[in-house]
Ligand SMILES: [Fe+2]
């Protein structure tokens with residue numbers, strides 16, 4: 001009986017210690033943000049709207065043209081070539097053989113980072129556009145690390161795997177992922193990015209026993225489907241998401257969805273190894289460093305060491 005009492009006591013102490021550590025880390029993080037606040041770049045009205053919406057709901061949706069980033073034209077010129085390559089790739093699982101990512105792409109075909117870097121680096125460079133960085137800076141509130149771009153095409157196999165489960169990303173305390181549809185996603189059959197708005201996230205804390213992988217039936221029990229939000233839009237729809245703070249997933253598509261995603265954390269991410277697992281690391285040695293500004297190099301974080309001379 002005393003043994004059970006001791007075990008229970010130890011568990012309570014461990015839980016308390018975890019909670020105290022978490023509170024200290026949260027306070028430190030907030031303190032660093034406050035000290036950095038005066039260095040944040042000014043935003044125009046659209047940038048302010050994006051930041052406000054992401055802070056309120058976890059998501060903000062704009063169109064690439066509306067965003068009006070200087071690199072838009074280069075990216076738009078590169079998209080048809082990337083789509084051609086995605087369409088040529090077999091959707092039968094054989095891509096896993098030559099894939100440069102270790103895991104996480106079992107339900108889709110990604111373009112390899114080296115392929116993007118050699119054939120359409122415009123995808124990678126768009127994520128370093130100063131207009132984009134200004135917005136991300138304001139969303140994270142600390143010096144940012146850019147982990148690169150992914151471009152992929154989803155299988156239509158009805159399976160619920162990987163990021164098709166409801167989850168929150170966990171590379172850092174705050175992660176901003178920009179998703180962009182390369183082709184129209186105009187209804188649920190197109191497999192839209194779907195999320196639960198941020199104000200409902202506390203309810204989802206009941207998921208704590210589910211190791212972050214939640215299927216639709218479990219989610220429905222906590223958050224009614226009527227409160228789920230789908231990001232629907234034509235090709236060029238850009239979705240800014242605070243993906244560590246909201247539950248989200250890619251809805252199982254009935255048509256092959258093609259999308260690109262850029263992602264950012266602080267320069268002291270809580271799970272550095274996980275950042276690298278899904279990063280553009282393999283492609284960086286093929287990126288032309290000429291013309292990169294001091295700010296862009298800083299955003300490359302540790303990856304800058306991989307740039308060619
Ligand atoms: Fe995610």
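The values are calculated or read from the model by the stated rules, or taken from the named source; none is laboratory data. The structure presented is a predicted model; accordingly, all values stated were derived computationally and were not measured. Counting neighbours? That spans all protein chains shown, and the Cβs are built from the backbone with ideal geometry, glycine included.
In the stretch 292-309, the residues that are on the phi > 0 side of the Ramachandran plot form Cβ pairs under 6 Å with partners that are at pLDDT 95 or above and in a loop (DSSP other than H, G, I, E, B), at six or more places apart or across chains, as follows: 301/267. Select from the stretch 250-267 the residues that are modelled with pLDDT under 95 and in a strand (DSSP E or B) and list them in ascending order. Within the stretch 250-267, just 250 meets the criteria.
For the criterion of being without any contact (Cβ under 8 Å) to a residue 40 or more places away in the chain, surrounded by fewer than 23 Cβ atoms within 10 Å (Cβ to Cβ) and either farther than 20 Å from residue 65 by Cα or within 15 Å of the ligand (Cβ to nearest atom) (or both), residue 119 passes.
In the list 278, 286, which residue meets the criterion of being under 30 Å from residue 119 (Cα atoms) and within 15 Å of the ligand (Cβ to nearest atom)? Of the residues listed, the single one that is under 30 Å from residue 119 (Cα atoms) and within 15 Å of the ligand (Cβ to nearest atom) is 278. Checking each residue in the stretch 90-113 for being more than 26 Å from residue 236 (Cβ to Cβ) and not in a loop (DSSP other than H, G, I, E, B) picks out 94, 96, 97, 98.
So, restricting to helices (runs of 4 or more DSSP H) that lie completely within the stretch 1-67, which ones have at least 3 residues that are at pLDDT below 95?
Working: elements: 2-36, 45-57, 64-67.
Qualifying helices (runs of 4 or more DSSP H): 2-36.
Restricting attention to the stretch 71-92, the residues that are touching a residue at least 60 places away in the same chain (Cβ under 8 Å) and either on the phi > 0 side of the Ramachandran plot or more than 22 Å from the chain's Cα centre (by Cα) (or both) add up to 3. Residue 244 versus (1) out of contact with any helix residue (DSSP H, G or I) (no Cβ under 7 Å at 6 or more places or on another chain); (2) part of a loop (DSSP other than H, G, I, E, B); (3) farther than 21 Å from residue 165 by Cα: which is the lone unmet condition? Of (1) out of contact with any helix residue (DSSP H, G or I) (no Cβ under 7 Å at 6 or more places or on another chain); (2) part of a loop (DSSP other than H, G, I, E, B); (3) farther than 21 Å from residue 165 by Cα, only one is false for residue 244: (3).
Regarding the stretch 13-22, can at least one residue be identified that is in contact (Cβ under 8 Å) with a residue 40 or more places away in the chain and either under 21 Å from the mean Cα position of the chain (by Cα) or loosely packed, with under 11 Cβ neighbours inside 10 Å (or both)?
No, there is no match, as no residue in the stretch 13-22 is in contact (Cβ under 8 Å) with a residue 40 or more places away in the chain and either under 21 Å from the mean Cα position of the chain (by Cα) or loosely packed, with under 11 Cβ neighbours inside 10 Å (or both).
In the set (1) at pLDDT below 95; (2) under 21 Å from residue 50 (Cβ atoms); (3) within 16 Å of the ligand (Cβ to nearest atom), residue 239 fails one condition alone, (1). Restricting attention to the stretch 194-216 and to residues that are surrounded by 16 or more Cβ atoms within 10 Å (Cβ to Cβ), within 13 Å of the ligand (Cβ to nearest atom) and modelled with pLDDT under 90, the residue that is farthest from the chain's Cα centre (by Cα) turns out to be 214. Give the number of residues within the stretch 130-173 that are farther than 30 Å from residue 221 by Cβ, assigned to a loop (DSSP other than H, G, I, E, B) and within 16 Å of the ligand (Cβ to nearest atom). Total satisfying the criteria: 0.
For residue 248, the criteria (1) more than 13 Å from the ligand (Cβ to nearest atom); (2) closer than 30 Å to residue 31 by Cα; (3) surrounded by 23 or more Cβ atoms within 10 Å (Cβ to Cβ) hold in every case but one, which is (1). If the condition is being in a loop (DSSP other than H, G, I, E, B) and within 16 Å of the ligand (Cβ to nearest atom), then the stretch 174-193 contributes 174, 175, 191, 192.
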